[in-house]
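The values are calculated or read from the model by the stated rules, or taken from the named source; none is laboratory data. The model shown is predicted, which means the values in this text are computed figures rather than measured ones. Note that we place each Cβ from the backbone using ideal geometry, even for glycine, and neighbour counts take in every protein chain shown.
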Amino acid sequence: MTTPRDLSETYMPRQMDGDRLSATDSSLANWNYEETVRQIEAIMAQIESGELDLADVFDQFAVAVKHLRQCEEFLGQRQQQMDLLIETLPTHRSEKQETSTDT
């Protein structure tokens, strides 16, 4: 039987090269999905406004992509946790079978 891993572990986004950052990294210690999405939306609004120089557009786009990757990883990890929790839920039928075989 699969045992659920500790679901209380905090999410830490990965660096671009795939290595997990340590919890001591102050820039990620308070990472927040909703705030990151707001930052992405603000970057996109800046880019769409047409007020940025071309070099700044590329720089801001790179930052937005980095944030999107962090969000994607976060959501993927949370999906895996949900799947694991669902897998470990006992079904009503399984409980009846276990009860009837125990007697």
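A few points about this structure:
- Test: residue 43 is assigned to a helix (DSSP H, G or I) and surrounded by 14 or more Cβ atoms within 10 Å (Cβ to Cβ): yes
- Only listed residue being at pLDDT below 95 and in a helix (DSSP H, G or I), chosen from 85, 75: 85
- For the range 29-40, residues that are surrounded by 11 or more Cβ atoms within 10 Å (Cβ to Cβ) and at pLDDT below 95 total 2.
- The set of residues in the range 35-49 being within 14 Å of residue 65 (Cα to Cα) and acidic (Asp, Glu) consists of 41 alone.
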